[in-house]
């Protein structure tokens with residue numbers, strides 16, 4: 001089988017959308033010979049890392065860029081989406097020409113993974129798979145005041161964009177209508193799709209683990225919770241801070257930076273918990289792994305509309321249990337390894353529920369965390385993906401190619417016995 005992949009964002013060893021594009025290119029190469037259309041800004045690192053892969057003989061990259069006159073859109077954050085839509089048109093044109101010589105069996109849109117931005121990959125005329133995509137997770141209106149004025153305004157604008165994308169974007173309608181299979185990252189996105197397209201949808205989070213870190217033992221006995229993510233209101237760091245403030249025996253480490261940091265620091269000072277809360281800033285991926293393995297007992301991730309959440313999977317392979325809201329990607333990724341609290345209550349109830357879970361140390365067992373981490377390994381995800389593709393009538397291999405991971409999943413020693421526990425927006 002020959003697969004043509006649309007991956008606007010694709011970068012080795014990156015998080016969020018770029019990391020998704022890279023690891024999904026690898027995964028699809030296990031199903032068949034794969035050509036990836038992406039941008040040339042990451043060409044050097046892609047070609048440097050490609051030679052190291054087992055899949056290198058079945059993985060080919062095609063670089064498409066817009067002319068210089070159009071690139072001013074990309075330099076402005078507000079212009080990213082118009083630039084992306086123009087890039088899709090150029091990518092579809094290149095794909096049609098390429099198809100005349102290669103003769104593909106399937107077109108597959110991977111990034112951006114947003115259900116309401118749509119895709120022009122169906123214009124290739126090939127059987128089409130859309131996803132994994134998110135975009136269906138919103139925020140309850142009653143929680144808007146907890147995000148502050150700027151955060152509430154952002155959520156209002158995002159809700160308007162989602163509605164416009166659902167009802168007015170022809171690219172989205174094109175993708176939904178022509179897809180043989182729509183992979184969605186969470187239940188909310190499946191239910192957000194128009195009713196007539198939901199029968200095509202299967203829940204398949206975009207998270208795939210292709211590298212297992214060496215797990216080290218905890219070095220400190222202090223009860224330590226960890227938050228990792230951009231510091232923006234909807235990520236929920238303020239709720240983690242408020243929960244820890246009610247528990248004198250717990251401390252909180254915060255990895256990340258963002259526009260909400262001044263508000264969060266002011267909250268910490270106002271609550272009088274500066275000695276128990278540390279802002280670590282933005283850390284390299286290896287340093288985040290180190291913090292997860294050596295300093296933390298649990299990942300507290302009360303995000304309100306993370307469609308996926310790579311940090312959740314990374315915490316699992318480091319042996320950490322998860323505490324999250326029942327919204328979006330985190331509970332879909334963590335499964336039974338998560339302690340889930342309601343994200344539809346008012347702000348006070350959410351903080352109380354987070355505090356209750358931490359105080360009781362009502363976290364998943366070590367064996368449950370390890371089992372869920374294994375399910376997220378690349379080879380296991382390929383097998384499940386192949387099953388879904390076959391069920392959708394796609395011309396995939398009956399048995400996906402097997403690869404050898406760089407290291408087996410080790411016994412996880414970062415969590416004790418029961419009783420304890422990179423995006424693009």
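Nothing in this text is a laboratory measurement; each read-out follows from the coordinates by a stated rule. Here the structure is a predicted model, which means the values were calculated and not measured. No Cβ is skipped: glycine too gets one built from the backbone with ideal geometry, and neighbour counts run over all protein chains shown.
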Checked segment 297-403 against the a/c 1.5 cut and the a/b vs b/c comparison, axes a ≥ b ≥ c from its Cα gyration tensor; verdict prolate
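Between rounded, prolate and oblate, where does segment 124-260 land on the alpha carbon gyration tensor, with a ≥ b ≥ c its root eigenvalues, rounded for a/c under 1.5, else prolate if a/b exceeds b/c? Walk me through the numbers on the way to the answer.
Values: a/c = 3.03, a/b = 1.58, b/c = 1.92.
Cα axes put segment 124-260 in the oblate bin.
Please say if segment 1-147 is rounded, prolate or oblate, where rounded means a/c under 1.5 for a ≥ b ≥ c the square roots of the C-alpha gyration tensor eigenvalues, and otherwise the choice is prolate for a/b larger than b/c and oblate otherwise?
It is prolate, given that a/c is not under 1.5 and a/b is the larger ratio.
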The alpha-carbon center of segment 116-164 and that of segment 299-366 are separated, in whole Å, by 22 Å
Under Stokes-Einstein, segment 230-276 at 37 °C and 0.692 mPa s, with its Kirkwood radius over C-alpha pairs, diffuses with a coefficient in µm²/s of 306 µm²/s
Calculated from DSSP helices alone, with each H run of at least 4 adding -39500 (n - 2.57) and the total divided by the residues of the chain, [θ]222 nm to the nearest 500 comes to -12000 deg cm²/dmol
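Would you kindly calculate the translational diffusion coefficient of segment 223-370, applying Stokes-Einstein with the Kirkwood radius from alpha carbon pairs, for 37 °C and a viscosity of 0.692 mPa s, and quote it in µm² s⁻¹ without decimals?
Numbers: Rh = 14.9 Å.
The calculation lands on 220 µm²/s.
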Rounded to two decimals, the Debye log10 I(q)/I(0) of the chain (Cα scatterers, no solvent) at q = 0.13 Å⁻¹ is -1.15
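Among 266, 109, 365, which comes first, second and so on when ranked by fewest other beta-carbon atoms within 10 Å? Walk me through the numbers before you get to the answer.
Details: 266 10, 109 29, 365 17.
Lowest count first: 266, 365, 109.
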Quick numbers on segment 109-158, Rg and Dmax over C-alpha atoms in Å, give 15.8, 47
The simple spin-label model distance between residue 196 and residue 156, using points 7 Å out along Cα→Cβ, in nm, is 3.4 nm
